[in-house]
Each structure stands twice: as C-alpha cells, then as structure tokens.
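This report concerns only the one structure given below.
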Amino acid sequence: MKLSKIILATFVTGTALLTGCEKNVVDDYVPSTEITANDAQLKINFNSAYAANPSVYFRINGAKVSGPTTARTPFPGGGFNTGGDARADYLVLTPGEKTVDVILPKKLVVEDSVKLYTTKITIEAGKYHTLHITDTAANTQSVLGTEDVSRPDSGFAKLRFVNLMPNVPAVDLYYGTTVVAANIAYKSFSPYFPIAAVSTLTWAIRKAGDPSTTTALATYAGTASISANRRVTTAFAIGFNGATDATRKPYISFLLTN
C-alpha cells in the first residue's frame, strides 16, 4: 500500500525527514512547516526484551521507516534511560488504518528473516500517538496511546505513566517518596500529573501497594532534563520482574512528548 507521506517531525530542530514508499529508503529533508492539521503523528516505543537484544526495523504499510533499533528505544526521538537521542520526534503520516511490522532482517541481505510482530492501528488527523510494544515471541503485545501535547503552566513539567511490565499486574510510580501514579495495570496509562520544574528527586517503580521503604523494581536518578520547565514526558516501566540481565531487567524510562 502506498503511504502518501512519512515525515520525521521534531519540536527541537524545526526540520523534518521525508520517506518514500516506492524506494523504501530515506528520500529528502523537508521543512516542518509542511506538517498540517490533516497529518497524524506517530512514535513507536519498542520494548520487546529478548536476551540477545537483536536489532530490528519497523515498516508501516510495507514501507521501511527506521534503521536498526534495539529494545528500550523509542523511535523516533529516544528519551532518558533509553537508547536513541533525547528529542520529541514523531513520524508524520496520513491518518487512517496502518499496519506496523517489527522485522528481524537476515544478515548481509535485504530480505526479511522473521516478522517478530505485526499489528493494525488507526491514527487520527491532528493527533500525536505512541505505539508501545512489549513482551516477546507469541506473547508480544502493544497498546496505542494518544498524547496530550499541550504544555503545562510555567514552573511545572507534565508527565503520564504506562506500565509495560508483562509479569507485574500493576505498578506504582514514585517520585521521591510520593506515589505520583498508583495501581497502573499492565498496558494501562495513568492520568497526566504535574511535578515542579527542574526538580531532581529519584524515580522508582514498585509493585502496586508496596510502601516506599521496600526495594524498588527499578530506580532512575531524577534529572533537570526530565523536569524541564513546561516539558511533557511519558514515563514507562519495562522489563521482567526477576530478570537480572541488562536487556530484560526492569527499568523506569522516559520518552519526550513535547
């Protein structure tokens, strides 16, 4: 199927990247001013934690839209405690139904080796979406979130939280000793919540209901980058409770929405 437009949009650089379906490769750079209210924006948050952590690429309606990408890497744009860079980038697409494939390529050839996951999503004009992919093999699942990119008042950052840990039914997100997102079920989102701008308390995830004195599933030192004034961010819990290897152990990570 033909994609009329795939653009990489960024809030930071003011540039965009255009991809053509027929060639299946990056074609050209175009200004972000070409993005209109009739476009839909999409980010893919890939968190299938295989022990070998293979590089995969993404296709949308048959068109290759990424280079090699490993687990815990939001594409495009990266984030904090993730792979990739730290920009609030999105693919810009025509709205409607899309087929998203995660492909493991053969070595040294252009043929596909294994289609690790495929799903159909519907994206809407004028909206920002994130497709969160989690778990592995036959258990691979995804959840599509629609983002609120409106910035909070000065003096605050705005976040929400999604639980992507397959073997933890519900998770609490802590900021310091305060629960900021409580009892978030697997593949579910918290409401948006504010934190003070440029605050640097430690983030932690725990099983729902566990007090702040218990050992966390994962922690991450707060940074001014996460809590920058008027920033909009999504926190996400990933990995498997009980795993200890670098790829599959639990993490609390962050991707930039705006």
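The values are calculated or read from the model by the stated rules, or taken from the named source; none is laboratory data. Not measured: the values here are computed from a predicted model. All Cβ positions, even for glycine, are placed from backbone atoms using ideal geometry, and neighbour counts span all protein chains on display. With ligands, DNA and RNA removed, areas are computed over all heavy atoms of the protein, side chains included. Shrake-Rupley method; radii C 1.70, N 1.55, O 1.52, S 1.80 Å.
With all pairs of different C-alpha atoms in the average, the Kirkwood value for the hydrodynamic radius of the chain is 18.6 Å. Maximal additional length on extending the L144-V114 stretch stands at 8.5 nm, based on 0.36 nm per residue less the C-alpha distance. Solvent exposure of segment 105-227 amounts to 48 Å² per residue of accessible area, where only protein heavy atoms count and the probe is 1.4 Å. Extension gain for the segment I35 to N183, taken as residue separation times 0.36 nm less the Cα-Cα distance, is 49.5 nm to one decimal.
Please calculate the 1.4 Å probe accessible area of I35, with all protein chains present, and give it to the nearest 10 Å². For I35, the solvent-accessible surface is approximately 40 Å². The charge dipole of the chain, taken about its Cα centre with unit charges on the Cβ of Lys, Arg, Asp and Glu (plus for the first two, minus for the last two), comes to roughly 280 debye.
Pairs of alpha carbons in segment 26-177 separated by more than 27 Å make up 26% of all such pairs. Backbone phi angles across segment 48-56, fed through the Karplus curve with coefficients 6.51, -1.76 and 1.60 (θ = phi - 60°), yield HN-Hα couplings of 7, 8, 7, 4, 6, 6, x, 7, 10 Hz in residue order; Gly and Pro are listed as x. Applying the Kirkwood pairwise sum to the alpha-carbon positions of segment 170-214 produces a hydrodynamic radius of 11.0 angstrom. A full extension of the chain between A228 and A51 corresponds to an added length of 60.3 nm, given 0.36 nm per residue minus the alpha carbon distance. Look at the alpha carbon pairs under 8 Å that are at least 6 residues apart: their mean separation over the length of the chain gives a relative contact order of 17 percent. Listed cross-link partners K64/K249; K127/K249; K115/K187 are compared with a 25 Å cut-off, the Cα-Cα value being larger for K64/K249; K127/K249. Taking the DSSP bridge list for the chain and keeping only pairs wholly inside it, about 85 percent are antiparallel. Applying both filters, DSSP loop and at most 13 other Cβ atoms within 10 Å, to the GluC sites (Glu not before Pro) of segment 100-162 gives E111, E124. Coordinate range of the alpha-carbon atoms in segment 124-258 per principal axis, descending: 41, 41, 25 Å.
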